[in-house]
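Q: Before I ask anything, let me first share the structure, which is written out below as C-alpha cells.
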Amino acid sequence: MKVHLPSFAGQAISRLNAAGFDAYVVGGCVRDSLIGRVPDDWDIASSATPEQTKAVFEDLPVIETGIQHGTVTVLLEGRPLEITTYRLDGQYSDGRHPDQVHFTKKLKEDLARRDFTVNALAYHPRLGIVDCFGGVEDLQQGVIRCVGEPDRRFQEDALRVMRGIRFASQLGFSLEAKTEISLRKHAPLLQKIAAERLRVELVKLLCGAQAEKVLLNFPDVLAQLIPELLPMVGFDQRTPYHIYDVYQHTAHSVGAVESDPILRLTMLLHDIGKPSCFTVDYKGQGHFKGHGAVSVRMCEEILPRLRFDNHTTERVLKLVKYHDAVIEPRENLIKRWLNRLTPDGFEQLMKVKLADNAAQNPIYDRSDCYRAIIRIAHEILQREDCFSLSSLAVNGDDLMELGIPAGKKLGETLQFLLQAVIDEKCVNDREQLLEYCRKYRQIP
C-alpha cells in the first residue's frame, strides 16, 4: 500500500513546511491511493490558519471557499487544492454542520472528528502514513468503521448514514457491527438532510460496484429517501417469470446494468408501481397490468423530490415508461423506436431490458432476442437508413410548394411520408416522395 502523491500536492506541502507549518494530504485521497484507486481530489490539512495559508501562496490564485470552516482553495499547476486548518468541531445542532469550529495545532485532533477510520488517514511524503485509529487495518480488512463512538458520529452529521453505505457500495467493504447497528438506528435522521445532498450520495451508491449487495442489505435506510421502496420488500410476484420478490428483482437488475446514473436509477425505480397494481387470476398467478404507467407517475413525484435535473428526470421517466414494452426484431418496428427515442435513448432502453431480463427467471431468458434487436438497430444506423424527419428527403417547404398549408396538416403529411419510408412503401427520394404524396394524400 503506497501513496502516489501528485507534484502539485507535494509542492503545496513543501511550501507550507518551509514556512514552518505542518501539512499532510488527508482523507479520501489517502484512502483511495492506498487501495489503488485514482483519487478524484487531493485535500491538505495544515497547522496554518487560513490567513497564514493565503500568505504562503500569495503569488497564486487563492479562493476563500470555506474560510469560516478553515478552508481555502489554492490553484496550483492549474489544479484546485483545498487546504484546511486543523480543527475541532463544536456542537452540530442542525445534525449536519458544526455550529462553530476551533482551530488546533494537533493533527490527531483533526483526524478524530472525521467519520470513518478509512477516511481518517494522513500522509506526508517524508514522514509517511499517520494512522491514529486503525484505518490502514480496516482498509486491508475491507471494513467501514466509525472513528470513536458511532452514535456520536451519526448524530453529529446524519449524512454520514448515507456515506457509510455509499462507501460500502463503492469500495465493496462491509460495515463493522457496531457501526452498522448505529447507522440503521440513526437512519431516520436523514430526514434533516437537504434533498440535494441525499441525491448526490444516492447516485454514488447506485453507481458503486457493490450497489446490488447494499440495496439488498439496507432497504430500511434507502426508504428514508424513497419510502415508496418499502412495499416492494418481500412482495411475492407469484409468477413463473420471476424467481425474486419485487425488491430483490430490483436490486439484481441494478447490478445487471452498467454503472451509469440514468440506467441505475431507472432500474431502481422501474417496478416501483408494481405493489399497487397487483392482481391474482383464477389460477393463482400474479399480474401487474399497467405497472409501467403507475411507476412513471410515482417517479414524477420521487425525482423532483430528490432534486434531480430535468434531463435525468426526462430520461428516466421515458425508460421506466417503456421498460416492459414489447419490441420485436423487425426493421420497420425498430426504426419506429429509433424515431421515438433517438438512437441513444433506444440503446439505453435495450440495456434496461437486458438488465430487467437478467433479474428474472432464466428459464424465460429473452437476451438473444434483445441482442438481435440491438444488432438490427446497429445495421440501420450504419446504413444511415431514414427513420426520422431530420433524414427524410422532403421537408415542410417542399410540401407547401405542393399546396399543403403550414400547420397540423403539414405535420401529419410529413409523418405519413416518414411511415411510408419506414414501411418500405416508398424510397427516401425527394421526387418519389412528392409523387407518393400526390397519389395518396389527394393533392393535385
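Q: Which numbered condition in (1) open to solvent by less than 30 Å² (accessible area, probe 1.4 Å); (2) not in a helix (DSSP H, G or I); (3) not small (Gly, Ala, Ser) is the only one that Val326 fails?
A: (1)
Q: If a residue has to be more than 23 Å from Leu303 (Cα to Cα) and open to solvent by 10 Å² or more (accessible area, probe 1.4 Å) to count, how many in region 158-179 make the cut?
A: So the answer is 8.
Q: Right, another one. Read through the list (1) within 23 Å of Leu215 (Cβ to Cβ); (2) open to solvent by 20 Å² or more (accessible area, probe 1.4 Å), then give the number of the only condition that Ser182 fails.
A: (2)
Q: Quick check on my filter: what residues within region 91-113 are under 32 Å from the mean Cα position of the chain (by Cα), open to solvent by 40 Å² or more (accessible area, probe 1.4 Å) and either modelled with pLDDT of 95 or more or of a type in the set (A, V, I, L, M, F, W, C) (or both)?
A: Scanning region 91-113 gives no hits.
Q: Another question, then. Filter region 190-210 down to the residues that are surrounded by fewer than 18 Cβ atoms within 10 Å (Cβ to Cβ), over 19 Å from Asn310 (Cβ atoms) and under 8 Å from the mean Cα position of the chain (by Cα) and list them by number.
A: Lys204
Q: So, one more: Within region 214-224, identify whether any single residue is open to solvent by 30 Å² or more (accessible area, probe 1.4 Å), among the charged types (D, E, K, R) and in a helix (DSSP H, G or I), and answer yes or no.
A: yes
Q: Still on this structure, please answer the following. Given the structure, is Ile243 surrounded by fewer than 17 Cβ atoms within 10 Å (Cβ to Cβ), in contact (Cβ under 8 Å) with a residue 12 or more places away in the chain and of a type in the set (Val, Ile, Thr)?
A: On the way: surrounded by fewer than 17 Cβ atoms within 10 Å (Cβ to Cβ): yes; in contact (Cβ under 8 Å) with a residue 12 or more places away in the chain: yes; of a type in the set (Val, Ile, Thr): yes.
Judged against the criteria, Ile243 is a match.
Q: Then there's this: Quick one: how many residues across region 395-433 are hydrophobic (A, V, I, L, M, F, W, C), in a helix (DSSP H, G or I) and closer than 25 Å to Leu381 by Cα?
A: 8
Q: Contact list please: Cβ distance under 7 Å, first residue in region 218-231 and over 12 Å from Arg305 (Cα atoms) and of a type in the set (Asp, Glu), second residue open to solvent by 10 Å² or more (accessible area, probe 1.4 Å) and in a helix (DSSP H, G or I), pairs at least six apart or on different chains.
A: Asp220/Arg184; Glu228/Met298
Q: One residue is enough: does region 272-286 have a residue meeting the conditions touching a Pro at 6+ places or on another chain (Cβ under 9 Å), part of a helix (DSSP H, G or I) and open to solvent by 20 Å² or more (accessible area, probe 1.4 Å)? If you could, list the steps in order and put the result at the bottom.
A: The initial filter retains those residues of region 272-286 that are touching a Pro at 6+ places or on another chain (Cβ under 9 Å), namely 272, 274-276, 285.
With part of a helix (DSSP H, G or I) added as a condition, the list becomes 274-276.
From what's left, open to solvent by 20 Å² or more (accessible area, probe 1.4 Å): 275-276.
Checked against the condition, which is being touching a Pro at 6+ places or on another chain (Cβ under 9 Å), part of a helix (DSSP H, G or I) and open to solvent by 20 Å² or more (accessible area, probe 1.4 Å), region 272-286 yields at least one hit.
Q: Within region 288-296, does at least one residue satisfy the condition of being open to solvent by less than 40 Å² (accessible area, probe 1.4 Å) and in contact with a Phe, Trp or Tyr (Cβ under 8 Å, 6 or more places away or on another chain)? Spell out how you get there, then give the answer.
A: Step one: filter region 288-296 for residues open to solvent by less than 40 Å² (accessible area, probe 1.4 Å), giving 288, 291-292, 294-296.
Still in the running and in contact with a Phe, Trp or Tyr (Cβ under 8 Å, 6 or more places away or on another chain): 288, 292.
Scanning region 288-296, I find at least one residue that is open to solvent by less than 40 Å² (accessible area, probe 1.4 Å) and in contact with a Phe, Trp or Tyr (Cβ under 8 Å, 6 or more places away or on another chain), so the answer is yes.
Q: Suppose we filter region 160-178 for residues that are closer than 16 Å to Asn119 by Cβ, assigned to a helix (DSSP H, G or I), in contact with a strand residue (DSSP E or B) (Cβ under 9 Å, 6 or more places away or on another chain) and without any contact (Cβ under 8 Å) to a residue 60 or more places away in the chain; how many remain?
A: Here the count works out to 6.
Okay, residues lined up against (1) out of contact with any Leu (no Cβ under 7 Å at 6 or more places or on another chain); (2) within 19 Å of Ile44 (Cα to Cα):
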position	(1), (2)
Leu107	yes, yes
Arg114	yes, yes
Asn119	yes, yes
Arg126	yes, yes
Gln140	yes, no
Ile144	no, no
Arg152	yes, no
Glu156	yes, no
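Q: Kindly indicate whether any position in region 343-351 is without any contact (Cβ under 8 Å) to a residue 24 or more places away in the chain, under 16 Å from Ile376 (Cα atoms) and open to solvent by 20 Å² or more (accessible area, probe 1.4 Å). Give the steps one after another, and end with the answer.
A: First, pick out the residues of region 343-351 that are without any contact (Cβ under 8 Å) to a residue 24 or more places away in the chain: 344.
Filter once more, keeping what is under 16 Å from Ile376 (Cα atoms): 344.
Now restrict to residues that are open to solvent by 20 Å² or more (accessible area, probe 1.4 Å): 344.
Yes, because at least one residue in region 343-351 is without any contact (Cβ under 8 Å) to a residue 24 or more places away in the chain, under 16 Å from Ile376 (Cα atoms) and open to solvent by 20 Å² or more (accessible area, probe 1.4 Å).
Q: Which one is surrounded by the fewest Cβ atoms within 10 Å (Cβ to Cβ) among residues in region 352-383 that are acidic (Asp, Glu) and farther than 15 Å from His249 by Cβ?
A: Asp368
Q: For region 1-72, please list each of the strands (runs of 3 or more DSSP E) lying entirely inside it that holds at least 1 residues being open to solvent by 40 Å² or more (accessible area, probe 1.4 Å).
A: On the way: elements: 23-26, 43-46, 62-66.
Fully inside region 1-72 and qualifying: 43-46, 62-66.
Q: Sticking with this structure for a sec: Counting just the residues of region 394-426 that are open to solvent by 80 Å² or more (accessible area, probe 1.4 Å) and without any contact (Cβ under 8 Å) to a residue 40 or more places away in the chain, which one comes out nearest to Arg340 (Cα to Cα)?
A: If we take residues in region 394-426 being open to solvent by 80 Å² or more (accessible area, probe 1.4 Å) and without any contact (Cβ under 8 Å) to a residue 40 or more places away in the chain, then Glu412 is nearest to Arg340 (Cα to Cα).
Q: Let me ask another. Within region 313-321, is even one residue surrounded by 15 or more Cβ atoms within 10 Å (Cβ to Cβ) and either in contact (Cβ under 8 Å) with a residue 60 or more places away in the chain or over 18 Å from the mean Cα position of the chain (by Cα) (or both)?
A: Scanning region 313-321 turns up at least one residue that is surrounded by 15 or more Cβ atoms within 10 Å (Cβ to Cβ) and either in contact (Cβ under 8 Å) with a residue 60 or more places away in the chain or over 18 Å from the mean Cα position of the chain (by Cα) (or both).
The values are calculated or read from the model by the stated rules, or taken from the named source; none is laboratory data. As the structure is a computational prediction, the values presented were derived from the model and not from experiment. Cβ sites come from the backbone with ideal geometry, for glycine too, and all protein chains shown count toward neighbours. Heavy atoms of the whole protein, side chains included, go into the accessibility calculation; ligands, DNA and RNA do not. Shrake-Rupley method; radii C 1.70, N 1.55, O 1.52, S 1.80 Å.
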